[in-house]
Amino acid sequence: MKFIQYRKRTTLKSIGLSLVLPHFGFALASDRDLQYDQKELAQKYKKSDGIIIDMPPLADTGNSIPMGIKFKVPGQKKLQTFEIVAPENPNPMVLKVSLPKPQTSYQFATRIRLALSQDVWVVATLDDGTKMAQSLHCVVTLNACFDAT
């Protein structure tokens, strides 16, 4: 009898959790989407001349787009971290880099994957906590990433 009660309680608990957990998942997903929404990024960050993005304005396919970034930090500040964000991708955070030693200037080159035509954002965090950003629009003729929806 004790085995049946234990099993019944475990089953009821798991059913309760299965009904509650998806709601937390949807809430977290919607918060993440708002953080990297195109309009939110444009309103939140003022574009800076200290970041130069070198990326083709037109790409045949979104599978592998070359991207170069040059940072020139104004004043006595130093670059500590930067991230590349593609808001229309299923996973908008493309790359986040933390430099081991803060730098006044830095160059970085990579290849990124884009789901569709969009503005690609580079957001840099300086050693005093301020942020500077820059974006560049890239038109993709063939999609590389597909969302499951």
Per the filter on the range 51-106, residues more than 21 Å from residue 37 (Cβ to Cβ) and small (Gly, Ala, Ser) are 59, 64, 68, 75, 98, 105
Over the range 75-94, the set of residues touching a residue at least 12 places away in the same chain (Cβ under 8 Å) and under 12 Å from residue 128 (Cα atoms) is 77, 78, 79, 80, 81
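Condition check ((1) modelled with pLDDT of 85 or more; (2) hydrophobic (A, V, I, L, M, F, W, C); (3) touching a strand residue (DSSP E or B) at 6+ places or on another chain (Cβ under 8 Å)) across all residues:
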site	(1), (2), (3)
25	no, no, no
28	no, yes, no
47	yes, no, yes
55	yes, yes, yes
65	yes, yes, yes
69	yes, yes, yes
73	yes, yes, yes
79	yes, yes, yes
82	yes, yes, yes
Suppose the filter is part of a strand (DSSP E or B), over 19 Å from residue 45 (Cα atoms) and open to solvent by less than 80 Å² (accessible area, probe 1.4 Å); does residue 66 pass it?
yes
Residues in the range 53-63 that are open to solvent by 70 Å² or more (accessible area, probe 1.4 Å) and touching a residue at least 40 places away in the same chain (Cβ under 8 Å) total 4
Taking the range 93-139 and keeping only residues that are within 13 Å of the chain's Cα centre (by Cα), open to solvent by 30 Å² or more (accessible area, probe 1.4 Å) and of a type in the set (A, V, I, L, M), one is left with 93, 94, 95
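The values are calculated or read from the model by the stated rules, or taken from the named source; none is laboratory data. This one's a predicted model, so the numbers in the text were calculated from it and none came from an experiment. With ideal geometry, Cβ positions are generated from the backbone for all residues, glycine too; neighbour counts draw on all protein chains shown. Remember, those area values only see protein heavy atoms, side chains included, never the ligands or the DNA or RNA. Shrake-Rupley method; radii C 1.70, N 1.55, O 1.52, S 1.80 Å.
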